[in-house]
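Student: Encoded as structure tokens, here's the structure I'll be asking about.
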Amino acid sequence: MFRSADIKSHLKFALSLYAGFWIAVYGFVKVVSIQFAPPEKLASKVLGDLTGMELTWYYFGYSGSYTIIIGLLQMAGSLLLIINRTRIIGALMLFPIMLNIVFIDYFYRVTLGAFGNAIFYTLILLFILYLEREKLFNAFRNLTLKITSQTSDSIWKKIGFSGLFIIAAIVLNQLTINILIGIYSLCEKL
């Protein structure tokens, strides 16, 4: 007879295999440019005449690189989900991706089949995380434990260093944006 721990272990594996396989399939069709390849008839339609799904397909199909990145992330997360030692990492990696897909499917009225699948796979990921809640709680607790007591002097040093780092990051960010704007302007003129 099966013990409770065996049933839980088999259930986690079965759910991970099922969701991982189908999420990887969705990722694969993105990587090979099948999912968001807009039909030619969309190009001749007036923007205001597009349905939410057509607009979504056209928008996401516009950038092949973005679509490939999302597909690769889905495939990598699925692989991590199926492997027992990396299951939690895979579920945590896939959850925001799938939740975003649920929102897109709902708010842009993508077909009910796709919307239903996205909800189902997202719920499976949540259930897997629920089954792993003890490990997650322990990891969170270990990451947030106060390891050493800090003097007020060291706290001020950290605040000062953080402030300088933030200022430097803002300056570098603005420089990067200005450089990219310059490159983009130059490319437009060519």
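The values are calculated or read from the model by the stated rules, or taken from the named source; none is laboratory data. None of these values were measured; they are calculated from a predicted model. Methodologically, a virtual Cβ is constructed for each residue, glycine included, from the backbone with ideal geometry; neighbour enumeration extends over all protein chains shown. The protein model used for the area step is the full one, side chains on, heavy atoms only, and it has no ligands, DNA or RNA in it. Shrake-Rupley method; radii C 1.70, N 1.55, O 1.52, S 1.80 Å.
Student: Pairs under 7 Å by beta carbon, first residue more than 18 Å from Thr67 (Cβ to Cβ) and charged (D, E, K, R) in segment 95-111, partner open to solvent by 40 Å² or more (accessible area, probe 1.4 Å) and part of a helix (DSSP H, G or I), six or more apart or different chains?
Tutor: From residues that are more than 18 Å from Thr67 (Cβ to Cβ) and charged (D, E, K, R), the pairs are Arg109/Met53.
Student: Going by what's in this entry, would Ala14 be described as out of contact with any Lys or Arg (no Cβ under 7 Å at 6 or more places or on another chain), assigned to a helix (DSSP H, G or I), closer than 16 Å to Ile101 by Cβ and at pLDDT 85 or above?
Tutor: When the stated conditions are applied, Ala14 does not pass them.
Student: Related question: Pick out, from segment 83-175, the helices (runs of 4 or more DSSP H) lying fully within it that include 3 or more residues that are open to solvent by less than 50 Å² (accessible area, probe 1.4 Å) and closer than 30 Å to Gly27 by Cα.
Tutor: Because the criterion is at least 3 residues that are open to solvent by less than 50 Å² (accessible area, probe 1.4 Å) and closer than 30 Å to Gly27 by Cα, the helices (runs of 4 or more DSSP H) in segment 83-175 that meet it are 87-107, 112-131.
Student: Inside segment 51-76, can you point out the residues that are farther than 14 Å from Phe36 by Cα and either among the acidic types (Asp, Glu) or not in a helix (DSSP H, G or I) (or both)?
Tutor: Thr51
Student: In addition: Pairs please, first residue from segment 48-69 and touching a residue at least 40 places away in the same chain (Cβ under 8 Å) and closer than 11 Å to Arg109 by Cα, second anywhere and assigned to a helix (DSSP H, G or I) and β-branched (Val, Ile, Thr), Cβ atoms under 7 Å, 6+ apart in sequence or on different chains.
Tutor: Thr56/Ile104
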